[in-house]
C-alpha cells in the first residue's frame, strides 16, 4: 500500500500555485517579484491570483514545518523573534530615512553618523537586517535599500506598526 508523501504533495502545490501567480504577473506586465528597492510595496493581483499566492504560501509554511520537524519548528519560531531586532533598529534609528533618497550606496560609517549610532553597532544591525533582506549590504561596508526598507520609508503606517510591535515585544519580556 502506497503511503502519502506529504512533503512532495506540498512541493507540487507550491509549484502549481506559483506558476499560476507567475502566469498572471507575466500576462499583466507586472514586475517580477524582487528584493530590489524599485519593487512596489504591494503587488496588486486579481482575486484568483491572490488565492493562488496564498495557497502557495500556506503550502510553503507547512512544508517548512514538515522538513524542520518538531524541535526544528519550535526553534524556528524562537528565531522569528530575532527578526524584531532588525525591524526595531530600522524604525528606532530611522535608518530607511537616513539612506539617500536616490538609492545611492552609503558607507556604514556615514549611516552611523546620520543616525547617531556607534559604527560597530550600525555594522551589526546592518548585517542582521541584510540577513533578513530588510537592507542591502555590499562589500566595502556599503548599505542600500531593499524593497522592504523602501516600503518602511514610503508607508509611514508600516513604520508605526513596527514601532508598536517592538514596544509590545519589550512589554511582554518584562511581564514574563
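Nothing in this text is a laboratory measurement; each read-out follows from the coordinates by a stated rule. Because the structure is a prediction, the values reported are computed rather than measured. Here Cβ is always computed from backbone atoms with ideal geometry, including for glycine, and neighbour counts include all displayed protein chains.
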message: If I model a spin label at residue 8 and residue 160 as a point 7 Å from the Cα along the Cα→Cβ vector, what separation in nanometres do I get?
response: 5.1 nm
query: Full extension from residue 131 to residue 119: what is 0.36 nm times the residue separation minus their Cα-Cα distance, to one decimal in nm?
result: 2.5 nm
message: Can you show me the helix-derived [θ] at 222 nm for the chain, built from DSSP H runs with n ≥ 4 at -39,500 (n - 2.57) apiece and divided by the number of residues, rounded to the nearest 500.
response: -23000 deg cm²/dmol
query: When every alpha-carbon pair in the range 6-76 is counted, what percent end up more than 20 Å apart?
result: 41 percent
query: Where a ≥ b ≥ c are the square roots of the eigenvalues of the C-alpha gyration tensor, would you call the range 80-174 rounded, which needs a/c under 1.5, or, failing that, prolate if a/b is larger than b/c, or oblate?
result: prolate
message: For the chain, set up a GNM with springs between Cα atoms under 10 Å and report which of 121, 76, 102 has the largest fluctuation.
response: 102
- prompt: Mind checking which of 122, 42, 104 has the largest fluctuation in a GNM of the chain, springs on alpha carbons under 10 Å?
  reply: 42
- line: Matching label for the computed mean projected area of the Cα convex hull in nm², out of [x] 10.8; [y] 14.0; [z] 12.8, is [y]
